[in-house]
Amino acid sequence: MGTGVTQARMFEDQINFAGKHDMEKYALSKTHTDELYWLGRYTERVYTSLDLFASVFDEMIDGDPEAYKVMLRNLEIADIYADKKDFNKRYCFDRSNPDSIRYSLERCFDNAVIMRELIGSASLSYIQEAIYEMDTAEKSESPMIDLQGVQDLIVAFWGMTDDVILDERVRNLLKVGKIVERIDLYSRMNKDMKRIAREVERLQGRIDKSGIVYDRKRLQRMSDISHADRHPSFDDYQMIVENVESLI
Amino acid sequence: MDIQEKELFRRNLGQHSRKINQLLARYGVKFGIYKNGTFKEQLFPYDPIPRVIEKDEFAVLEKGLKQRVTALNLFLKDIYTKKQILKDGVVPEEFVYAGSGFLAQCDGFVPPEGIFSHISGIDLVKGKDGQWYILEDNLRIPSGASYPMIARDLMRKATPQTFENVHIEDNRNYAELLRRTMDHVNRGGLNVILTPGRFNAAYFEHSYLAEKIGAHLTDGSDLFVERDGLYFRDVEGNRERVGAVYRRISDEYLDPMNFNPESVIGVPHIFDVYRKGGVALLNAPGNGVADDKGIYYFVPKMIRYYLGEDAIIPNAPTYLVYYEKDRDYVLLNFSRLVIKDVAEAGGYGVFFGKDMDAEKQDAFKKLIQKEPRRFIAQEVIDFQDLDLYDEGNIVSRKADLRAFVLMDDEPVVWKSGLTRFTRNPASFVVNSSQGGGFKDTWVLA
């Protein structure tokens, strides 16, 4: 039986071995605060865009070959694609296209790689791996199968950050970015208002803990609209988009 | 181990090559290079067959490296204060003042605890006769320790039985050594790693070391100087004093108010705070005066001058074309020597006489006569090849060793090192920027 000090030390060693990032007193810079928020947003953008793409991809197999145009319109993305084949390729993989999933994934990496000391090598490695998986998907005969791997790695990244980052502000900043992006995309796609309301509730529970500066009135408006006891209108969705975009 | 056992051992390690390299890629173990004005990140190829150094052999290296780094620190202190070694004619003045390494701004100043070179990277090769030679001293911002650190971590997972059976010094204490080195000179406040940013060749290392030692990694935009202090500004506008900066920015870009005014990556007035003793900078600005390829020639003389000892590890036989006698020798033996431009680094500016035709040799000879301070010449050391695993085969390639010496109360030699190898069988140039790879260095316990 060791002394209390030894046991504490052993516990500390175990924590370190597991790659925990115990930086509870770590002063967060303005730059890192922004990067964490945007890292959260971009990971969600990649994840949900892949979901949306999968849905449209399926629809276009034996249905409307121009189904992608509706998605683009809802997301206010310029339709620069010649046809569905061009869309399938460039919306996913074109590095120079700021609306592509690849582009968002690289922005995830840009934000993550400069915060290794905050999020940890283990977390960062999932974003790097997602990029490699994206490379594989680009060359693949069946890219949808490989793109599933990209989504899996984003989920693994979220799980890892939850597990290894002990600083609550850092975790909350990532999550605030993630939820903001989700509310934005879901609203643009006119998803079930109950799902949006749930995300708004999550945001309300999280945002004050992140220390980020935000507009309280806008968050309240989002909550009021998403919880309104009526069938949501197009304007309701638009109002949520407008408020979430100007929230931070 | 007999020859067959050794071969089997190497093959067993070698078979992990693909997987470990995949993992290293996943962890972002890369370095950046600029080619034709474009930044490209490249993987740093890893070979799992380590360089192995026996305990007794390393003990000699350790002693020699401590001796050398102690002398180099004394030289730096002397050059920036009394300049006695110049007055005594051991080192010619022009070798100190003519190069770009001497910083007049540092003159008369001794850094905290009298340490100039906190982290020294000393490049060595082992000759076929078993003799180690020093090839180069790196006292500014030597990089490379992170690569064997992370490789060791992964190899222990890949082949735990190897590490159970072979008693090897654990090299993962580098972060602890570095933290101690920083704490030792810290003036009170945070430890910070100052990076030029993610497009720097060694960015992986900057971020990995920041993670491992629990330091802030910053590009300087969060740092500011007020009165005699350096501060870190957080998102809420609070400030925290910074006590030590492990800067991975070269001297000229460190402070636009004191050095290159066009620098956008440094911290204005950081040097003023440093000179007033408000913050420690690791390594000290101005160290370039001691790791210049021309000054290298004089290091054994420094050891004798400051410590009254002979150098334990010799330099590679070197000629200074500045001296007439050496110049004559170099001109006469040009085709078998390697000529180095003292202003270049990273494997650039290295010319082998044997690779030049007669016309080029003549032109080069004229150049070195015209600019004798610019070049040194060395005998080509036929250094030992190391085995590496190449797609199922064991092949031999030239390799060097970068040893790291950290200065705390006294110099501490890290019991490992970065072994770099050339992938080109005809080449002696091992630098990563020239396509080389790396190995871990095992020091037997």
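Remarks
- Residue match in the stretch A:108-130 (condition: over 28 Å from residue B:211 (Cβ atoms), surrounded by fewer than 23 Cβ atoms within 10 Å (Cβ to Cβ) and of a type in the set (S, T, N, Q)): no
- Scanning the stretch B:224-244 for residues that are in contact with a helix residue (DSSP H, G or I) (Cβ under 7 Å, 6 or more places away or on another chain) and open to solvent by less than 10 Å² (accessible area, probe 1.4 Å) yields a total of 3.
- Looking across the stretch B:254-287, the residues that are crowded, with 23+ Cβ neighbours inside 10 Å and among the aliphatic types (A, V, I, L, M) come down to B:254, B:267, B:270, B:273, B:279, B:280, B:281, B:282, B:284.
- Residue A:159 being in the same structural domain as residue A:60 (by TED's automatic domain parsing) and touching a strand residue (DSSP E or B) at 6+ places or on another chain (Cβ under 6 Å): no
- Where helices (runs of 4 or more DSSP H) fall wholly inside the stretch B:1-108, the ranges with 1 or more residues that are open to solvent by 50 Å² or more (accessible area, probe 1.4 Å) and over 25 Å from residue B:404 (Cα atoms) are B:3-14, B:17-26, B:84-87, B:93-97.
- Residues being within 17 Å of residue B:136 (Cα to Cα) and among the small types (Gly, Ala, Ser) - total across the stretch B:393-411: 2
- Scan of the stretch B:227-269 for residues that are farther than 17 Å from residue A:30 by Cβ and in a strand (DSSP E or B), ordered by number: B:229, B:230, B:241, B:243, B:244, B:245, B:246, B:247
- Candidate set: the stretch B:314-323, residues that are open to solvent by 10 Å² or more (accessible area, probe 1.4 Å) and touching a helix residue (DSSP H, G or I) at 6+ places or on another chain (Cβ under 9 Å); chosen: the one modelled with the lowest pLDDT: B:322
- Consider the stretch B:21-37 and keep the residues that are out of contact with any Ser or Thr (no Cβ under 6 Å at 6 or more places or on another chain) and away from chain A (no Cβ under 14 Å). The one that is nearest to residue B:199 (Cα to Cα) is B:34.
- All helices (runs of 4 or more DSSP H) inside the stretch B:270-361 with 3 or more residues being outside the structural domain of residue B:93 (by TED's automatic domain parsing): B:324-332
Here is a yes/no grid of residues against (1) in a helix (DSSP H, G or I); (2) surrounded by fewer than 22 Cβ atoms within 10 Å (Cβ to Cβ):
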site: B:173; (1), (2): yes, yes
site: B:193; (1), (2): no, no
site: B:201; (1), (2): no, yes
site: B:208; (1), (2): yes, no
site: B:212; (1), (2): yes, yes
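- Condition broken by residue B:202, with the remaining ones in (1) within 15 Å of the chain's Cα centre (by Cα); (2) without any contact (Cβ under 8 Å) to a residue 40 or more places away in the chain satisfied: (2)
- Any hit, the stretch A:74-84, residues being of a type outside the set (D, E, K, R) and either open to solvent by less than 10 Å² (accessible area, probe 1.4 Å) or assigned by TED's automatic domain parsing to the domain that holds residue A:234 (or both): no
- Sole exception among (1) open to solvent by less than 10 Å² (accessible area, probe 1.4 Å); (2) touching a Phe, Trp or Tyr at 6+ places or on another chain (Cβ under 7 Å) for residue B:251, by number: (1)
- Set B:373, B:402: member being of a type in the set (Lys, Arg) and open to solvent by less than 30 Å² (accessible area, probe 1.4 Å): B:402
- Selection count, the stretch A:168-198, where residues are in contact with a Phe, Trp or Tyr (Cβ under 7 Å, 6 or more places away or on another chain) and either of a type in the set (Lys, Arg) or closer than 22 Å to residue A:157 by Cβ (or both): 4
- Residues in the stretch B:67-101 that are of a type in the set (Phe, Trp, Tyr) and modelled with pLDDT of 95 or more were compared, and the one that is farthest from residue B:274 (Cα to Cα) is B:75.
- Any hit, the stretch B:242-251, residues being within 11 Å of another protein chain (Cβ to nearest Cβ) and either modelled with pLDDT of 95 or more or under 18 Å from residue A:118 (Cβ atoms) (or both): yes
- Residue satisfying all of: in the stretch B:165-215; of a type in the set (Lys, Arg) and facing chain A (nearest Cβ under 10 Å); nearest to residue B:246 (Cα to Cα) among these: B:212
- Of all residues in the stretch A:148-157 being open to solvent by 40 Å² or more (accessible area, probe 1.4 Å) and not β-branched (Val, Ile, Thr), the one that is farthest from residue B:26 (Cα to Cα): A:148
- Residue that is of a type in the set (Asp, Glu) and under 23 Å from residue B:25 (Cβ atoms), where the choices are A:162, A:99, A:184, A:110: A:110
- Enumeration of residues in the stretch A:85-99 that are open to solvent by 80 Å² or more (accessible area, probe 1.4 Å), under 22 Å from the mean Cα position of the chain (by Cα) and closer than 18 Å to residue A:143 by Cα: A:89, A:95
- Pairing each residue of the stretch A:97-115 that is within 13 Å of chain B (Cβ to nearest Cβ) and under 20 Å from residue B:206 (Cα atoms) with any residue that is assigned to a loop (DSSP other than H, G, I, E, B) and charged (D, E, K, R), provided the two are 6+ apart or on different chains, yields C-beta distances under 7 Å for A:113/B:198; A:114/B:198.
- Condition check for residue A:201: within 14 Å of chain B (Cβ to nearest Cβ) and of a type in the set (Asp, Glu): no
The values are calculated or read from the model by the stated rules, or taken from the named source; none is laboratory data. This one's a predicted model, so the numbers in the text were calculated from it and none came from an experiment. As a convention, Cβ positions derive from the backbone with ideal geometry for all residues, glycine included, and neighbour counts pool all protein chains shown. Please note that ligands, DNA and RNA were not included when accessible areas were found on the heavy atoms of the full protein model with its side chains. Shrake-Rupley method; radii C 1.70, N 1.55, O 1.52, S 1.80 Å.
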